[in-house]
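Trainee: Sending over a structure as C-alpha coordinates; questions will come in a sec.
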Amino acid sequence: MTFALLIEALGIAPNASESGYAIDTMLEMLYWFMLLLFVGWGTFYAYVLWRFHHKKHPKALYSGAASHLPSKLEGGIAVFEVVILLSFATPLWSYRTQQFPTGLDVTHIRAVGEQFLWNFQYTGPDRKFGDRKAAYVTAANPLGMDPNDPDGKDDLTTRNEVHLPVGKPVIVDVMSKDVIHDFCIPNMRSAQDAIPGSVIPLWFTPIKEGTYDIVCAQLCGSNHSEMRGELVVESQAKYDDWFKTNYNLTHPKSKMAETPASGPTVAGN
(Lines give C-alpha, C1' and ligand atoms only; values in the text may rest on other atoms or scores of the structure.)
Protein backbone atom coordinates (compact mmCIF):
# COMPACT_ATOMS: atom_id res chain seq x y z
CA MET A 1 0.00 0.00 0.00
CA THR A 2 1.15 3.51 -0.77
CA PHE A 3 1.25 6.05 2.01
CA ALA A 4 -0.38 8.84 0.02
CA LEU A 5 -2.94 10.66 2.16
CA LEU A 6 -1.86 14.16 1.17
CA ILE A 7 -1.40 13.19 -2.48
CA GLU A 8 -4.97 11.92 -2.64
CA ALA A 9 -6.28 14.98 -0.78
CA LEU A 10 -4.53 17.29 -3.26
CA GLY A 11 -6.24 15.57 -6.19
CA ILE A 12 -3.09 14.31 -7.91
CA ALA A 13 -3.84 11.76 -10.65
CA PRO A 14 -4.05 8.24 -9.14
CA ASN A 15 -1.01 6.07 -9.68
CA ALA A 16 -1.33 3.28 -12.26
CA SER A 17 2.28 2.10 -12.63
CA GLU A 18 4.42 -0.32 -10.70
CA SER A 19 7.21 2.13 -9.92
CA GLY A 20 4.75 4.89 -9.05
CA TYR A 21 4.27 3.55 -5.53
CA ALA A 22 7.86 4.40 -4.57
CA ILE A 23 7.55 7.84 -6.17
CA ASP A 24 4.29 8.56 -4.36
CA THR A 25 5.72 7.46 -1.02
CA MET A 26 8.69 9.81 -1.41
CA LEU A 27 6.44 12.69 -2.45
CA GLU A 28 4.12 12.01 0.48
CA MET A 29 7.03 12.28 2.91
CA LEU A 30 8.11 15.58 1.34
CA TYR A 31 4.59 16.99 1.50
CA TRP A 32 4.24 16.11 5.20
CA PHE A 33 7.67 17.62 5.87
CA MET A 34 6.70 20.83 4.08
CA LEU A 35 3.40 20.93 5.98
CA LEU A 36 5.30 20.52 9.24
CA LEU A 37 7.67 23.34 8.29
CA PHE A 38 4.76 25.57 7.29
CA VAL A 39 2.92 25.03 10.56
CA GLY A 40 6.09 25.27 12.65
CA TRP A 41 7.48 28.45 11.12
CA GLY A 42 4.01 29.99 10.92
CA THR A 43 3.48 29.35 14.63
CA PHE A 44 6.92 30.79 15.43
CA TYR A 45 6.18 33.87 13.33
CA ALA A 46 2.87 34.45 15.15
CA TYR A 47 4.61 34.02 18.51
CA VAL A 48 7.32 36.56 17.58
CA LEU A 49 4.68 39.09 16.53
CA TRP A 50 2.94 38.69 19.87
CA ARG A 51 6.04 38.39 22.07
CA PHE A 52 7.88 41.41 20.70
CA HIS A 53 4.99 43.74 20.01
CA HIS A 54 6.11 47.36 20.25
CA LYS A 55 3.61 48.12 23.02
CA LYS A 56 5.36 45.61 25.27
CA HIS A 57 8.88 46.49 24.19
CA PRO A 58 9.02 50.14 23.10
CA LYS A 59 12.82 50.15 23.16
CA ALA A 60 14.85 47.87 20.91
CA LEU A 61 17.44 45.54 22.43
CA TYR A 62 20.71 45.41 20.51
CA SER A 63 22.28 42.46 22.27
CA GLY A 64 20.68 39.94 19.89
CA ALA A 65 19.21 36.51 20.52
CA ALA A 66 20.99 34.38 23.08
CA SER A 67 19.41 31.04 22.16
CA HIS A 68 21.02 28.68 19.61
CA LEU A 69 17.76 26.82 18.96
CA PRO A 70 17.13 28.38 15.50
CA SER A 71 20.58 27.30 14.31
CA LYS A 72 19.99 23.77 15.58
CA LEU A 73 16.60 23.63 13.85
CA GLU A 74 18.10 24.77 10.56
CA GLY A 75 20.86 22.17 10.89
CA GLY A 76 18.29 19.45 11.57
CA ILE A 77 16.30 20.44 8.49
CA ALA A 78 19.44 20.29 6.35
CA VAL A 79 20.27 16.80 7.68
CA PHE A 80 16.73 15.58 6.99
CA GLU A 81 16.89 16.87 3.39
CA VAL A 82 20.20 15.07 2.84
CA VAL A 83 18.69 11.84 4.19
CA ILE A 84 15.72 12.17 1.84
CA LEU A 85 18.04 12.82 -1.11
CA LEU A 86 20.50 9.99 -0.45
CA SER A 87 18.07 7.39 0.90
CA PHE A 88 15.11 7.85 -1.44
CA ALA A 89 15.57 10.23 -4.36
CA THR A 90 19.00 9.11 -5.62
CA PRO A 91 18.33 5.32 -5.53
CA LEU A 92 14.93 5.83 -7.20
CA TRP A 93 16.44 8.02 -9.91
CA SER A 94 19.17 5.44 -10.52
CA TYR A 95 16.60 2.64 -10.78
CA ARG A 96 14.43 4.59 -13.23
CA THR A 97 17.28 5.75 -15.50
CA GLN A 98 19.81 2.92 -15.45
CA GLN A 99 17.93 -0.33 -14.86
CA PHE A 100 15.80 -0.69 -17.97
CA PRO A 101 13.78 -3.92 -18.28
CA THR A 102 14.81 -6.65 -20.70
CA GLY A 103 13.17 -9.80 -22.01
CA LEU A 104 10.56 -10.90 -24.51
CA ASP A 105 7.67 -9.37 -22.56
CA VAL A 106 9.00 -5.81 -22.97
CA THR A 107 7.01 -3.63 -25.38
CA HIS A 108 9.19 -1.12 -27.22
CA ILE A 109 7.65 1.89 -28.97
CA ARG A 110 8.62 5.32 -30.20
CA ALA A 111 6.87 8.57 -29.23
CA VAL A 112 7.57 11.50 -31.55
CA GLY A 113 6.27 14.94 -30.62
CA GLU A 114 5.43 17.71 -33.02
CA GLN A 115 3.37 20.88 -32.82
CA PHE A 116 0.81 19.91 -31.58
CA LEU A 117 0.32 16.14 -31.47
CA TRP A 118 2.01 12.83 -30.66
CA ASN A 119 3.02 10.20 -33.22
CA PHE A 120 3.69 6.61 -32.11
CA GLN A 121 5.59 3.85 -33.88
CA TYR A 122 5.32 0.12 -33.15
CA THR A 123 7.53 -2.58 -34.58
CA GLY A 124 5.88 -5.15 -36.80
CA PRO A 125 6.24 -8.94 -36.71
CA ASP A 126 9.99 -8.59 -37.46
CA ARG A 127 10.39 -6.78 -34.11
CA LYS A 128 12.63 -4.14 -35.69
CA PHE A 129 12.08 -0.41 -36.05
CA GLY A 130 12.41 1.08 -39.51
CA ASP A 131 14.70 4.06 -40.05
CA ARG A 132 13.36 7.61 -40.03
CA LYS A 133 14.74 10.52 -42.03
CA ALA A 134 13.64 14.15 -42.03
CA ALA A 135 13.81 14.24 -45.82
CA TYR A 136 10.92 11.76 -46.05
CA VAL A 137 8.53 13.68 -43.78
CA THR A 138 5.26 14.49 -45.55
CA ALA A 139 1.60 14.81 -44.59
CA ALA A 140 1.14 11.15 -45.50
CA ASN A 141 4.39 10.12 -43.79
CA PRO A 142 4.55 12.24 -40.61
CA LEU A 143 7.30 10.15 -39.03
CA GLY A 144 9.53 10.28 -42.11
CA MET A 145 9.70 6.49 -42.47
CA ASP A 146 12.35 5.46 -44.97
CA PRO A 147 10.50 3.64 -47.80
CA ASN A 148 13.72 1.86 -48.76
CA ASP A 149 14.26 0.28 -45.35
CA PRO A 150 12.74 -3.23 -45.23
CA ASP A 151 12.61 -3.15 -41.41
CA GLY A 152 10.04 -0.39 -41.52
CA LYS A 153 7.65 -1.85 -44.05
CA ASP A 154 5.74 -3.77 -41.38
CA ASP A 155 5.81 -1.06 -38.68
CA LEU A 156 2.55 0.32 -37.30
CA THR A 157 2.09 4.04 -36.64
CA THR A 158 -0.68 5.80 -34.72
CA ARG A 159 -1.49 9.40 -33.86
CA ASN A 160 -2.44 10.62 -30.37
CA GLU A 161 -3.36 7.12 -29.27
CA VAL A 162 -1.22 4.31 -27.89
CA HIS A 163 -2.30 0.90 -26.58
CA LEU A 164 -0.33 -1.23 -24.12
CA PRO A 165 -0.90 -4.58 -22.38
CA VAL A 166 -1.40 -4.44 -18.63
CA GLY A 167 1.32 -5.85 -16.40
CA LYS A 168 4.01 -5.73 -19.12
CA PRO A 169 6.95 -3.27 -19.01
CA VAL A 170 7.24 -0.76 -21.84
CA ILE A 171 10.20 1.25 -23.10
CA VAL A 172 9.33 4.49 -24.90
CA ASP A 173 11.94 6.20 -27.07
CA VAL A 174 11.00 9.89 -26.84
CA MET A 175 11.87 12.27 -29.71
CA SER A 176 10.76 15.51 -31.33
CA LYS A 177 10.37 16.74 -34.89
CA ASP A 178 10.47 20.48 -34.20
CA VAL A 179 10.75 22.11 -30.74
CA ILE A 180 11.26 20.83 -27.20
CA HIS A 181 8.21 18.94 -25.92
CA ASP A 182 7.75 16.75 -22.86
CA PHE A 183 6.12 13.33 -23.06
CA CYS A 184 4.22 13.05 -19.79
CA ILE A 185 1.77 10.44 -18.47
CA PRO A 186 0.82 11.63 -14.95
CA ASN A 187 -0.88 8.37 -13.95
CA MET A 188 2.27 6.41 -14.83
CA ARG A 189 4.48 8.86 -12.92
CA SER A 190 6.59 9.11 -16.08
CA ALA A 191 7.81 12.12 -18.05
CA GLN A 192 10.68 12.82 -20.42
CA ASP A 193 11.69 15.85 -22.49
CA ALA A 194 11.45 15.34 -26.24
CA ILE A 195 14.48 17.16 -27.66
CA PRO A 196 15.07 17.61 -31.40
CA GLY A 197 17.95 15.44 -32.58
CA SER A 198 17.92 13.24 -29.46
CA VAL A 199 16.41 9.87 -28.62
CA ILE A 200 15.79 9.60 -24.86
CA PRO A 201 14.16 6.46 -23.44
CA LEU A 202 11.88 6.10 -20.45
CA TRP A 203 10.13 3.03 -19.08
CA PHE A 204 7.26 2.03 -16.84
CA THR A 205 4.99 -0.92 -16.15
CA PRO A 206 1.23 -0.21 -16.25
CA ILE A 207 -0.62 -2.22 -13.61
CA LYS A 208 -4.20 -0.95 -13.96
CA GLU A 209 -6.41 -1.19 -17.02
CA GLY A 210 -7.99 2.06 -18.15
CA THR A 211 -7.60 5.12 -20.32
CA TYR A 212 -5.05 7.75 -19.29
CA ASP A 213 -4.04 11.20 -20.54
CA ILE A 214 -0.80 11.84 -22.37
CA VAL A 215 0.16 15.51 -22.20
CA CYS A 216 3.00 17.80 -23.19
CA ALA A 217 4.61 19.20 -20.04
CA GLN A 218 6.75 21.82 -21.83
CA LEU A 219 5.36 25.06 -23.21
CA CYS A 220 5.83 24.39 -26.93
CA GLY A 221 3.79 27.01 -28.71
CA SER A 222 0.42 28.69 -29.07
CA ASN A 223 -1.59 25.44 -29.06
CA HIS A 224 0.42 23.73 -26.34
CA SER A 225 -2.69 22.96 -24.29
CA GLU A 226 -4.18 20.99 -27.18
CA MET A 227 -1.22 18.61 -27.42
CA ARG A 228 -2.93 15.67 -25.76
CA GLY A 229 -2.90 11.97 -26.42
CA GLU A 230 -4.51 8.87 -24.96
CA LEU A 231 -2.97 5.78 -23.41
CA VAL A 232 -5.19 2.70 -23.31
CA VAL A 233 -4.03 -0.06 -20.97
CA GLU A 234 -5.86 -3.32 -21.57
CA SER A 235 -5.55 -7.07 -21.31
CA GLN A 236 -3.06 -8.88 -23.54
CA ALA A 237 -5.91 -10.40 -25.57
CA LYS A 238 -7.55 -7.02 -26.25
CA TYR A 239 -4.19 -5.48 -27.05
CA ASP A 240 -3.41 -8.24 -29.54
CA ASP A 241 -6.82 -7.77 -31.20
CA TRP A 242 -6.30 -4.00 -31.42
CA PHE A 243 -2.85 -4.40 -32.93
CA LYS A 244 -3.95 -7.03 -35.46
CA THR A 245 -6.96 -4.97 -36.55
CA ASN A 246 -4.93 -1.80 -37.09
CA TYR A 247 -2.07 -3.69 -38.70
CA ASN A 248 -4.39 -5.32 -41.22
CA LEU A 249 -5.93 -1.93 -42.07
CA THR A 250 -2.56 -0.33 -42.78
CA HIS A 251 -0.87 -3.39 -44.30
CA PRO A 252 -3.60 -5.01 -46.43
CA LYS A 253 -1.08 -6.90 -48.58
CA SER A 254 0.53 -8.66 -45.61
CA LYS A 255 -2.29 -9.27 -43.17
CA MET A 256 -1.54 -10.87 -39.83
CA ALA A 257 -3.43 -14.14 -39.62
CA GLU A 258 -2.58 -14.54 -35.94
CA THR A 259 -0.86 -12.33 -33.39
CA PRO A 260 2.14 -14.00 -31.68
CA ALA A 261 1.53 -14.81 -28.03
CA SER A 262 4.34 -12.53 -26.91
CA GLY A 263 2.93 -9.64 -28.94
CA PRO A 264 4.40 -8.07 -32.08
CA THR A 265 5.89 -5.08 -30.32
CA VAL A 266 8.61 -6.81 -28.36
CA ALA A 267 11.73 -4.67 -28.06
CA GLY A 268 13.45 -4.19 -31.35
CA ASN A 269 16.62 -2.32 -32.25
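Trainee: Only one of these conditions is not met by G103: (1) at pLDDT below 80; (2) surrounded by fewer than 11 Cβ atoms within 10 Å (Cβ to Cβ); (3) among the small types (G, A, S). Which number is it?
Mentor: Going through the list (1) at pLDDT below 80; (2) surrounded by fewer than 11 Cβ atoms within 10 Å (Cβ to Cβ); (3) among the small types (G, A, S), G103 breaks only (1).
Trainee: Can you tell me which residue in segment 127-141 is least open to solvent (accessible area, probe 1.4 Å), limited to those that are touching a residue at least 60 places away in the same chain (Cβ under 8 Å) and either outside any loop (DSSP other than H, G, I, E, B) or charged (D, E, K, R) (or both)?
Mentor: R127
Trainee: Do we have N119 as surrounded by 10 or more Cβ atoms within 10 Å (Cβ to Cβ), touching a strand residue (DSSP E or B) at 6+ places or on another chain (Cβ under 6 Å) and closer than 30 Å to G221 by Cα here?
Mentor: Yes, satisfied.
Trainee: Which one of these does T250 not meet: (1) open to solvent by 50 Å² or more (accessible area, probe 1.4 Å); (2) hydroxyl-bearing (S, T, Y); (3) without any contact (Cβ under 8 Å) to a residue 40 or more places away in the chain?
Mentor: (3)
Trainee: Quick one: in segment 147-186, of everything that is part of a strand (DSSP E or B) and of a type in the set (D, E), which residue is surrounded by the fewest Cβ atoms within 10 Å (Cβ to Cβ)?
Mentor: E161
Trainee: Every residue in segment 153-167 that is under 15 Å from G124 (Cα atoms) and either among the acidic types (D, E) or in contact with a Ser or Thr (Cβ under 9 Å, 6 or more places away or on another chain) (or both), please.
Mentor: The answer is K153, D154, D155, L156, T157, L164.
Trainee: Give segment 194-211 a look and list any residue that's buried (at least 17 other Cβ atoms within 10 Å of the Cβ) and either small (G, A, S) or under 12 Å from the mean Cα position of the chain (by Cα) (or both), or say none.
Mentor: Residues satisfying the conditions are A194, L202, W203, F204, T205, P206.
Trainee: Residues I84, I109: which one is farther than 29 Å from D240 by Cα and open to solvent by less than 50 Å² (accessible area, probe 1.4 Å)?
Mentor: I84
Trainee: Could you pull out the residue among G144, G124 that is small (G, A, S), open to solvent by less than 10 Å² (accessible area, probe 1.4 Å), more than 26 Å from E226 (Cα to Cα) and at pLDDT below 90?
Mentor: G124
Trainee: Which numbered condition trips up N248, out of (1) among the polar types (S, T, N, Q); (2) under 21 Å from G130 (Cβ atoms); (3) at pLDDT 95 or above?
Mentor: (3)
The values are calculated or read from the model by the stated rules, or taken from the named source; none is laboratory data. Quick caveat: nothing in here was measured; it's all calculated off a predicted structure. A quick note on method: Cβ atoms are made from the backbone with ideal geometry, for glycine too, and the neighbour counts reach across all protein chains shown. Heads up: the accessible areas ignore ligands, DNA and RNA and are worked out on the full protein's heavy atoms, side chains in. Shrake-Rupley method; radii C 1.70, N 1.55, O 1.52, S 1.80 Å.
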